1. Rounded, prolate or oblate for region 1-85? Axes are the square roots of the Cα gyration tensor eigenvalues, ordered a ≥ b ≥ c, and the cut-off for rounded is a/c under 1.5.
2. Let me cross-check Asp18: its accessible surface, 1.4 Å probe, with only protein heavy atoms counted, in Å² to the nearest 10?
3. Have a look at region 184-233 and give its Rg and Dmax from the Cα atoms, expressed in angstrom.
4. Using a cut-off of 17 Å between alpha-carbon atoms, which aspartates and glutamates can reach Lys34, once sequence neighbours fewer than 8 places away in the same chain are excluded?
5. Given a 1.4 Å probe and the protein chains all in place, what does the accessible area of Tyr159 round to, in Å² to the nearest 10?
6. Report, in degrees rounded to the nearest 10, the 0 to 90 angle that the Cα long axis of helix 13-28 makes with the longest principal axis of the chain.
7. Against the longest alpha carbon principal axis of the chain, how many degrees, from 0 to 90 and to the nearest 10, is the axis of helix 43-53 turned?
8. Report the dimensions of the chain along its three principal axes from the alpha-carbon atoms, largest first, rounded to Å.
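The values are calculated or read from the model by the stated rules, or taken from the named source; none is laboratory data. Please read all numbers here as calculations on a predicted model, not as lab measurements. Neighbour counts are summed over all protein chains in view; Cβ atoms, including those assigned to glycine, are modelled from backbone coordinates with ideal geometry. Ligands, DNA and RNA are excluded from the accessible area calculation, which covers all protein heavy atoms including side chains. Shrake-Rupley method; radii C 1.70, N 1.55, O 1.52, S 1.80 Å.
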Amino acid sequence: MLWNVDLTLVDVAIVTRDAYAEAFRFVTGRPLVKLVPPMGRPDSEIVFETLAVNGIVAEDGHLPQFLAALATAFADRRGRLAKEGRMMPGAKDALKSVSRLDGVVQTVLTGTIKSNAVHKLKAFGLDKHIDFDLGGYGEEVYPKATLLQVAQSRAKQRYGTPFTPANTVVIGDSTRDVQAAKIGGAAMIGVASGRSMAAELREAGADVVLPDLSNASEVVAAVAGLTSPLDRKAG
C-alpha cells in the first residue's frame, strides 16, 4: 500500500515554498521569483524546471546541491509544519484502519525527498503505520511509475513476495498518481482532495475514486476490494 503525501495526507505548501526559496538562494545566490507548481511531480523535476523558469542554466552539481539545501531548509522549518499546515481530513483514521487489514504494509510513493516526507508525516503523527524504508522518493531521479516499481522491489526483498497489480495499491490525489499506478503496475484509489477533480481521476483510470479520506471504512473497503487476503501475504 503506497500513499502519496502532499494533498493526500497533508498540506504544507507554505512551508515547502519557503524551504524552496531558501534552497534556491543558497544554490544560485539569487532570490526565487517563480516556483513551478508540484502537480504530482518529483522534487528532482521541480528543481530543474524552477531553475529554468528563473533563468538559471542547470549544471551537473545543481541537483544534488539543491536537494541537500532543500533538506536542510525544510528541517529548519519542521516546527512550523503543524502550525501553518494541515492534516487532510480523515488521514490519521484511514492509515490506522488500513493497518488492521491482514497482510498490509504501508509506505509512501511521493515526489518529496525522503527526509522531508518523514518530517511532513511526523509533524501530524502520521508516521506510526508507515515503513519509510520501502517507499519511493523525489531524490531518486526516476518517473513516478518507476519509483513505484522501485518500492515494489524493496518490498519483495524484505518479504520475499512479488508485488503486482493484484497486491499493490496506490492512494493519491493527482492524475499523475493515477498514471504512475497504471504504468508501474498497481491498483489505484484516487482521492479528490487535491488539484485533480473526481471526474479527472476517473478519466485517468483510477479504479476507485473517493471525495477524501474522511470515511475510513470506505478507504478500507476500497483497499480490500482491490486486493485479496491471499495476495496480501507480505505481513
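1. Cα axes put region 1-85 in the prolate bin.
2. Ignoring ligands and nucleic acids, Asp18 comes out at about 60 Å².
3. Cα-based Rg and Dmax for region 184-233 come out at 11.6, 35 Å.
4. Reachable aspartates and glutamates: Asp18, Glu22, Asp43, Glu45, Glu49.
5. 80
6. Helix 13-28 sits roughly 40 degrees off the main axis of the chain.
7. Tilt relative to the chain: about 40 degrees.
8. That works out to 55, 34, 33 Å along the principal axes.
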